[in-house]
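The values are calculated or read from the model by the stated rules, or taken from the named source; none is laboratory data. The shown structure was predicted, so the numbers you read here are calculated from the model rather than taken from an experiment. All Cβ positions, glycine included, derive from the backbone under ideal geometry; neighbour counts span all protein chains shown. Surface accessibility is based on the protein's heavy atoms, side chains included, excluding ligands, DNA and RNA. Shrake-Rupley method; radii C 1.70, N 1.55, O 1.52, S 1.80 Å.
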Amino acid sequence: MSSTPELHPLLFTTLSPFPPATSGIQAAALNATSCEEWEQTHHLLFHLASLSLLLGLSIPTTFGLHMILLRLLLMTGCGLFIVWATLYRCNLDVMVWNVVFLVINFMHLFFLLYKRRPIKIDRELRSVYKRMFEPLHVREALFQRLTGQFCTIQTLKKGQVYAAEDKTSVDERLSILLKGKMKVSYRSHFLHNIYNNAFIDSPEFRSTEMHRGEKFQVTIMAEENCKFLCWSRERLTYFLESDTFLNEVFRYLIGKDITNKLYSLNDPTLSDKLSMMQMRNSMGSSSDTDDVLNQILRGGSAGSSLQKSPDTKNSSKMKSIDEGMEDDVFEESSSKSHRIPSTSTEEV
């Protein structure tokens, strides 16, 4: 019997049909666990892409344009990764993922730029925004929402009546005078004037918030050709309830306007001085304004509130509402207030 010679195991390894693949897998597995051999560094595009991502994530949030710069740098990094994976690595999955990231960042960037677009306010409304709303940090986009959906610009010719006492309902509208001059009277007795950038019916708006269905207690007539901004009261109230910040802004503006009208009742010439002082955009104390509003609400109207408390104590208390007022104006108003003949509450 012939004996078969024993073959050395190394011979099988040498004669194996797939020696390179087996040895490559073994080497890769060894390298994956122990990292004995590091791969060569990637192309320069890979490092530039990583640097763009690093810079984008390092921008401080206190910087005004940090979100826009972040999106731009992320888009730059994704673009460089796409070029690197396509031309130098031929790696399809890396290219596809970075294309997805690039599209998402582009959509975010487009939305951010759209939000920062310049808002064009009508020329007729520019003065109202600059004098009344901009000092209170109301953005142009918010002001455009306020005036663009349920607001109209109306006109009155000289001699026409905006509201007639005991006839016109106070529940329909709230208006700001844009141009011209209006006169407020009670039973043919002159009370005060209304000038540009002032509410026309602010006392009625405030005093009837809890009591609907009332009528104007005064007559408001145009002494010149007038143009005014008019809101539907119901829709305006609904809009302000959905925006807390704008609701507080209206509370302050209406309270300040009522206070100015209250001062002008003491001295009819004071309304002219108030109109000049409003050019300075002086802002006052909201707490004092709320005190005046509470007095007016308890009295039922601006006139009755004035007659119930014409003393100089309230005048000094309301002095801080308009810091831009000159001291001599209020001294003159206070000196004249005690010479006003007393009238009954029913007459006012």
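Run Lys215 past the list (1) touching a residue at least 40 places away in the same chain (Cβ under 8 Å); (2) surrounded by 18 or more Cβ atoms within 10 Å (Cβ to Cβ) and report the number of the one that doesn't hold.
Here Lys215 meets the rest and fails (2).
Restricting the first residue to region 144-166 and requiring it to be touching a residue at least 12 places away in the same chain (Cβ under 8 Å), which pairs with a second residue that is of a type in the set (Val, Ile, Thr) meet a Cβ separation below 6 Å and a spacing of at least six or different chains?
Gln144/Ile119; Tyr162/Ile220; Ala163/Ile220; Ala164/Thr219; Glu165/Val218; Glu165/Thr219
Asn197: open to solvent by 10 Å² or more (accessible area, probe 1.4 Å) and free of Cβ contacts under 8 Å to residues at least 24 places away in the same chain, yes or no?
No: the conditions fail for Asn197.
Would you check which residues across region 243-255 are over 13 Å from the mean Cα position of the chain (by Cα) and among the hydroxyl-bearing types (Ser, Thr, Tyr) and list them?
The one that is over 13 Å from the mean Cα position of the chain (by Cα) and among the hydroxyl-bearing types (Ser, Thr, Tyr): Tyr252.
Per-residue answers, yes or no, for (1) among the charged types (D, E, K, R); (2) assigned to a loop (DSSP other than H, G, I, E, B); (3) touching a Lys or Arg at 6+ places or on another chain (Cβ under 7 Å):
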{"position": "Phe111", "(1), (2), (3)": "no, no, no"}
{"position": "Pro118", "(1), (2), (3)": "no, yes, no"}
{"position": "Pro135", "(1), (2), (3)": "no, no, no"}
{"position": "Asn196", "(1), (2), (3)": "no, yes, yes"}
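Would you point out which residue out of Val184, Val218 is aliphatic (A, V, I, L, M), in the same structural domain as Ser127 (by the TED database), under 21 Å from Val128 (Cβ atoms) and more than 31 Å from the chain's Cα centre (by Cα)?
Result: Val184 is the single residue among Val184, Val218 that is aliphatic (A, V, I, L, M), in the same structural domain as Ser127 (by the TED database), under 21 Å from Val128 (Cβ atoms) and more than 31 Å from the chain's Cα centre (by Cα).
Anything in region 167-191 that is open to solvent by less than 20 Å² (accessible area, probe 1.4 Å) and either over 14 Å from Gln217 (Cα atoms) or without any contact (Cβ under 8 Å) to a residue 24 or more places away in the chain (or both)? List them, or say none.
Scanning region 167-191 gives Leu174, Ser175, Ile176, Leu177, Gly180, Met182.
Counting only residues that are within 30 Å of Ile119 (Cβ to Cβ), open to solvent by 60 Å² or more (accessible area, probe 1.4 Å) and polar (S, T, N, Q), which one in region 141-166 is farthest from the chain's Cα centre (by Cα)?
Of everything passing the filter in region 141-166, Thr155 is farthest from the chain's Cα centre (by Cα).
Please tell me if His137 is open to solvent by 30 Å² or more (accessible area, probe 1.4 Å), in the same structural domain as Ile258 (by the TED database) and either in contact (Cβ under 8 Å) with a residue 40 or more places away in the chain or of a type outside the set (Asp, Glu) (or both).
So His137 passes the test.
Give the number of residues within region 85-121 that are farther than 19 Å from Leu65 by Cα and among the charged types (D, E, K, R).
So the count comes out to 3.
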